[in-house]
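Peer 1: Before I ask anything, let me first share the structure, which is written out below as structure tokens.
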Amino acid sequence: MNSTCSAHKPLSEPHNYGRIVYESRDGLIIKPRSIVWEELFIGKIGFVEDVTNTIAKKNPEFSGFTLPNLTFSRYDQVNYSIEKLVVSPTDYCSKIEIEKIGNTFALLIFFGITDLHQENIFFGRDSKGKLIFTPIDVEIVLECPKTLGQSGLVPDAAYPFYVSAISHLKKLVNNVGIETVAAPLVYGYLKTLSLLAESESELNSLMLTFIDIQSTPIRVAIRKSKSYSNFLNGIYKQKEFQIPPIPSEQAQLERRDIPYFFRFPNDETLYYYDNFLNPIKVPAKDVSGMILLKKRIVSENEITPNPHLNQIFRTGPLQIIRGLCYITRHFESKYKSTNILSKYGMAYLWDEYFKIKLKCSLQN
């Protein structure tokens, strides 16, 4: 661990024997952990560009994503540095740009990226004017969420509206009108998720060329970080610890760390770190009673698919609409093949191209 980090601006709570993310004096974001997944999705390594090219072969009109291309490098023996992402607030987006946000929703859920809550999302324009809607921490990947809401992108039981990523769009919706935002966002999501699903085998093979399946850690959240923060601050909520802390959690809490667990892509076995960042296996019996999202397992030749992808395709648009309806409820929105109507406490979605006709109640 960099012993001078306390002199810099801390950007995270402590993990793994007091290690924190911080901003260095020269304006770099320093992370004392693997940054492979972040570099894959928000760096210049070329993975997202290759994904874009793969999709464009099937749909030459594909509009792209809203992710940045940041510079990553080794900072010292333990830490990695990331170029600081700076975005300016924006109160206007074109429909094509909003479609790109929908494209990005689809990309993130397709690759099983979760923990996409409001604090983990940057939304605005970079110095070149490009619209950015992106996670800044990409640690939990290749999960098998059953719904879009389990990613944190839109509200669900675990993510109230103000905690979800879509809450970033509130000011935009109020400025340009929900009818300008809703249909382009849903259309981008539907179109891109269908294109990604069509190319799943090719994209999985592509990912395997970028990662080491035996040594690239994937963070696993067995509870919310907020639950740990509450615990350490003396706010004990019974519902957050219906299952008491397991021994490896308790040991980390006792040294006032936010517990940190991970797995490797080729296995679901859970690990945590010792002080020298060596992995220690968590006994399977310790987590046998916990309800965790199923993981996608990576072998030398393939990545197991998310069996819920079709469900996410059909229910995701309704969750997006419900999320937007926290801002305003009565509207009609049309964009390309996507049509949305919200009135009298109900939302209706129909799209002839994607052959869907859906409705849902807006009652919470």
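Peer 1: Condition check: part of a loop (DSSP other than H, G, I, E, B), under 20 Å from the mean Cα position of the chain (by Cα) and under 13 Å from D137 (Cβ atoms). Does L67 satisfy that?
Peer 2: For L67, the condition - part of a loop (DSSP other than H, G, I, E, B), under 20 Å from the mean Cα position of the chain (by Cα) and under 13 Å from D137 (Cβ atoms) - is not met.
Peer 1: Can you tell me which residues in the stretch 76-91 are at pLDDT 95 or above and either farther than 20 Å from L40 by Cβ or polar (S, T, N, Q) (or both)?
Peer 2: Hits for the stretch 76-91 are S81, V86, V87, S88, P89, T90.
Peer 1: Let me ask you something else. I'd like the full set of residues that are in contact (Cβ under 8 Å) with a residue 60 or more places away in the chain and part of a strand (DSSP E or B), limited to the stretch 310-341.
Peer 2: F331, E332, S333, K334, Y335, T338, N339, I340
Peer 1: While we're looking at this one, here's another question. Limited to the stretch 342-358, what total is found for residues that are in contact with a Leu (Cβ under 8 Å, 6 or more places away or on another chain) and either surrounded by 14 or more Cβ atoms within 10 Å (Cβ to Cβ) or under 23 Å from T192 (Cβ atoms) (or both)?
Peer 2: Residues flagged as in contact with a Leu (Cβ under 8 Å, 6 or more places away or on another chain) and either surrounded by 14 or more Cβ atoms within 10 Å (Cβ to Cβ) or under 23 Å from T192 (Cβ atoms) (or both) within the stretch 342-358 amount to 10.
Peer 1: Can you pull out the residues in the stretch 105-124 that are buried (at least 19 other Cβ atoms within 10 Å of the Cβ) and not in a loop (DSSP other than H, G, I, E, B)?
Peer 2: F105, A106, L107, L108, I109, F110, H117, I121, F123
Peer 1: Applying the selection to the stretch 287-302, what residues are assigned to a helix (DSSP H, G or I) and within 18 Å of W37 (Cα to Cα)?
Peer 2: Answer for the stretch 287-302, where residues must be assigned to a helix (DSSP H, G or I) and within 18 Å of W37 (Cα to Cα): there is none.
Peer 1: Select from the stretch 57-91 the residues that are out of contact with any Pro (no Cβ under 8 Å at 6 or more places or on another chain) and β-branched (V, I, T) and list them in ascending order.
Peer 2: Passing the criteria: T66, T71, I82, V86, V87, T90.
Peer 1: From the list A182, A165, which one is surrounded by 22 or more Cβ atoms within 10 Å (Cβ to Cβ), under 18 Å from the mean Cα position of the chain (by Cα) and among the hydrophobic types (A, V, I, L, M, F, W, C)?
Peer 2: A165
Peer 1: Determine if the stretch 158-168 includes at least one residue that is in a helix (DSSP H, G or I) and closer than 15 Å to E97 by Cβ.
Peer 2: So far as the stretch 158-168 goes, yes, one or more of its residues are in a helix (DSSP H, G or I) and closer than 15 Å to E97 by Cβ.
Peer 1: Kindly list the number of the only condition in (1) surrounded by 15 or more Cβ atoms within 10 Å (Cβ to Cβ); (2) part of a loop (DSSP other than H, G, I, E, B); (3) of a type in the set (D, E) that fails for D26.
Peer 2: That leaves (1) as the condition not met.
Peer 1: Now, a different point. With the requirement that a residue be of a type in the set (S, T, Y) and more than 20 Å from L293 (Cβ to Cβ), what does the stretch 259-281 give you?
Peer 2: Passing the criteria: only Y273.
The values are calculated or read from the model by the stated rules, or taken from the named source; none is laboratory data. Since we're looking at a predicted model, the values are computed, not measured. Heads up, the Cβs are rebuilt from the backbone with ideal geometry, glycines too, and the neighbour counts pull from every protein chain shown.
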